[in-house]
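Have a look at the structure below, then the notes.
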Amino acid sequence: MFEQYKKHFQESIPRIPGAKYAHFIILRETDSYAVFKTDGELNVARVRAGINAPQVISRLVLFKRKQTTPERLTGRELLRRYEIYNHIKTQHNKDCAYNENPCGVCPDCVIYGYAVGKGGADNSGSEKSKVFIDSAYAVPKYEESHGTFTLNAPYEDGTMTQGTDTTNRFSEQDHVLPEVPFPSVVTLRDPTPNTFLYLLNNLYRTKRYGAQTTRTGQMRNKLVAIIFADGEIFSNLRLTQKIYDIIGDILPPYGLDFLKKATEKAVNELIQEDGVFYELIAKEALVSLQNEAHSILADEASFQQWMNSLTEETLNYAKAAGVLKEEKSENTNSSRSRRNKNKTDEGEDS
């Protein structure tokens, strides 16, 4: 799998960092009205418009956990569907509950990390995330990327009146407008082909972000480039600012091809300033890599086989880290006891 890029992958998940990074350059674009808020209002930051544009503007912010949480939950759904958690429970007597009782051995715990919850991972230790992510910033100004809407709660007949009374169940809520892009760099440290594909699959499959996701919040994750490097690269904010420098004060919505070309240009310019050795995968090379990924992800039998291989890899890592205890000593002691008992029985018979 991904033999062409073999030098950028670890053979197994290492316990000590080995200066291998896979950076996914993503355009997250709203496909409906979305709500990214923490304390009742949309998350906003005052930042410079561009690297070369010194004026300060307000931008919508998609906080880091609002990106990773839905992606992790997408992956965990698939682990349940394909019986990975059942296997871990049956073979290793470990349950796993997100943010409550991490097992410490499943692909989600090993790749995205965990802190000990109630009874998690034998009540000891934690795992640092191998996925690095930061808050993403909208390209356009705040004024051009949000709208305020009035919400209501009608009665059962679908109207806002009951008899002669009109309900007062109205509220206002700010929403992010459709087709607002949030450029984002998602980094996987020390990838193996299996962990690389796991992260990529979560990015492909996750479709809803933010609050009220059963009603709204649909987004697209468009993969623009992948950068294999020996270190970390530019931030989300610098990427957004560089894109702004390239496209200027054009009002949204932007065409996807137009924005993709601007992002590719921004990536090419920024990566040369980062002082890392790198290989940039874009355009035709990126299409080829994605086709190879889809050949596994689009076939259920191949998908199940890959899931099993990934789980075996994370279980081996957990054993090496001491999270998953080996049962050899118990088995050895019990077999010794059986042998001693047999010898005793033989002596009595003779």
Filter result (crowded, with 20+ Cβ neighbours inside 10 Å and in a loop (DSSP other than H, G, I, E, B)) within region 222-233: I233
All but one of (1) at pLDDT 95 or above; (2) farther than 30 Å from K265 by Cβ; (3) surrounded by fewer than 17 Cβ atoms within 10 Å (Cβ to Cβ) hold for D349; which doesn't? (1)
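Given the structure, is I296 of a type in the set (V, I, T), at pLDDT 95 or above, farther than 26 Å from F2 by Cα and assigned to a helix (DSSP H, G or I)? I'd like the intermediate steps shown before the answer.
Values: of a type in the set (V, I, T): yes; at pLDDT 95 or above: yes; farther than 26 Å from F2 by Cα: no; assigned to a helix (DSSP H, G or I): yes.
No.
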Of the conditions (1) under 26 Å from V47 (Cβ atoms); (2) modelled with pLDDT of 95 or more; (3) assigned to a loop (DSSP other than H, G, I, E, B); (4) not acidic (D, E), the single one that I243 does not satisfy is (3)
Using beta carbons and a limit of 8 Å, which pairs, at least six apart or on different chains, have the first residue in region 241-260 and assigned by TED's automatic domain parsing to the domain that holds E29 and surrounded by fewer than 20 Cβ atoms within 10 Å (Cβ to Cβ) and the second one polar (S, T, N, Q) and assigned to a loop (DSSP other than H, G, I, E, B)? D245/N52; P252/S145
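Collect the residues in region 132-149 that are over 30 Å from I111 (Cα atoms) and either at pLDDT below 60 or not in a strand (DSSP E or B) (or both), keeping them in residue-number order. I'd like the intermediate steps shown before the answer.
Here is the first cut: in region 132-149, the residues over 30 Å from I111 (Cα atoms) are 140-149.
Once the filter is applied, which keeps residues that are over 30 Å from I111 (Cα atoms) and either at pLDDT below 60 or not in a strand (DSSP E or B) (or both), region 132-149 yields P140, K141, Y142, E143, E144, S145.
Looking at region 45-80, which of the residues that are of a type in the set (G, A, S) and more than 12 Å from Y98 (Cα to Cα) is farthest from the chain's Cα centre (by Cα)?
Residues of region 45-80 of a type in the set (G, A, S): 45, 49-50, 53, 58, 75.
With more than 12 Å from Y98 (Cα to Cα) added as a condition, the list becomes 45, 49-50, 53, 58.
Values: A45: 23, A49: 27, G50: 27, A53: 31, S58: 26 Å.
Only one residue tops the list, namely A53.
The values are calculated or read from the model by the stated rules, or taken from the named source; none is laboratory data. What you see is a predicted model, and the numbers here were worked out from it, not measured in a lab. Backbone-built Cβ (ideal geometry, glycine too); neighbour counts: all protein chains shown.
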